[in-house]
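Report on the structure given below.
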Amino acid sequence: MWDLGARLFVGATTASNHEEDGLEAIIMEYAILVYRDESRDAEFDWPQIQADYDAYFKQAAEAGILHNGPRLGSSAATTTVKVRDGERLITDGPFIEAREQLGGIFVLECNDLDEALDWAARCPGATHGVVEVRPVWTS
């Protein structure tokens with residue numbers, strides 16, 4: 001529901017919507033990873049959380065910083081692939097067993113880490129799970 005279109009991500013970009021004093025600012029991209037404990041899903045008002053996410057993504061899009069926001073399916077539907085000694089090994093389930101599972105990823109273009117942290121704190125996932133902020137790799 002939150003898929004906002006596919007894009008290729010580059011770690012740092014210039015953006016005219018972030019211009020200051022006629023100079024183009026360097027904008028950093030931050031991956032926002034939202035984790036939650038799926039075993040507690042019954043405790044939450046998901047229609048309200050969905051409405052909160054819709055409002056959050058609308059605000060981020062209007063601010064011109066939202067790249068993409070796909071919601072992920074349940075970790076129970078995860079398949080893990082690794083190759084060892086040339087042999088492909090397939091495992092049902094997530095890579096690690098954890099109390100909290102990855103529920104979504106999106107990318108924000110921000111001026112700096114402080115701005116990314118501000119947006120992460122506003123993410124509805126921060127109220128019922130954990131939100132991780134990670135810079136997108138630049139080469």
Query raised in the report: Residues in region 105-124: is at least one among the small types (G, A, S) and touching a Gly at 6+ places or on another chain (Cβ under 9 Å)?
Result: no
Report summary line: Residue pairs within 6 Å by beta carbon, gap of at least six or interchain, first lying in region 114-130 and touching a residue at least 24 places away in the same chain (Cβ under 8 Å) and surrounded by fewer than 17 Cβ atoms within 10 Å (Cβ to Cβ), second in a strand (DSSP E or B) and aromatic (F, W, Y), listed first then second, are V130/Y35
**Report entry** Complete set of residues in region 102-125 that are within 19 Å of D37 (Cα to Cα) and in contact with an Asp or Glu (Cβ under 6 Å, 6 or more places away or on another chain)
**Finding:** P124
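Residue by residue, here is whether (1) under 16 Å from M28 (Cβ atoms); (2) more than 13 Å from the chain's Cα centre (by Cα) holds:
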| residue | (1), (2) |
| --- | --- |
| G64 | yes, yes |
| G73 | no, yes |
| I90 | no, yes |
| P124 | no, no |
| V136 | yes, no |
Query raised in the report: Taking region 42-75, which residues are at pLDDT below 90 and not hydroxyl-bearing (S, T, Y)?
Result: H67, N68, G69, P70, R71, L72, G73
Report summary line: A careful count of residues in region 38-56 that are touching a residue at least 24 places away in the same chain (Cβ under 8 Å) and among the hydrophobic types (A, V, I, L, M, F, W, C) gives 2
Query - Yes/no for L102 being among the hydrophobic types (A, V, I, L, M, F, W, C) and more than 23 Å from F44 (Cβ to Cβ) - result: no
Query raised in the report: Mind checking whether some residue in region 96-107 is outside any helix (DSSP H, G or I), exposed (fewer than 13 other Cβ atoms within 10 Å of the Cβ), at pLDDT below 90 and under 15 Å from the mean Cα position of the chain (by Cα)?
Result: no
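The values are calculated or read from the model by the stated rules, or taken from the named source; none is laboratory data. Quick caveat, the model's predicted, so the values are computed rather than measured. When we count neighbours, we look across all protein chains shown, and the Cβ atoms used for this are built from the backbone with ideal geometry, even at glycine.
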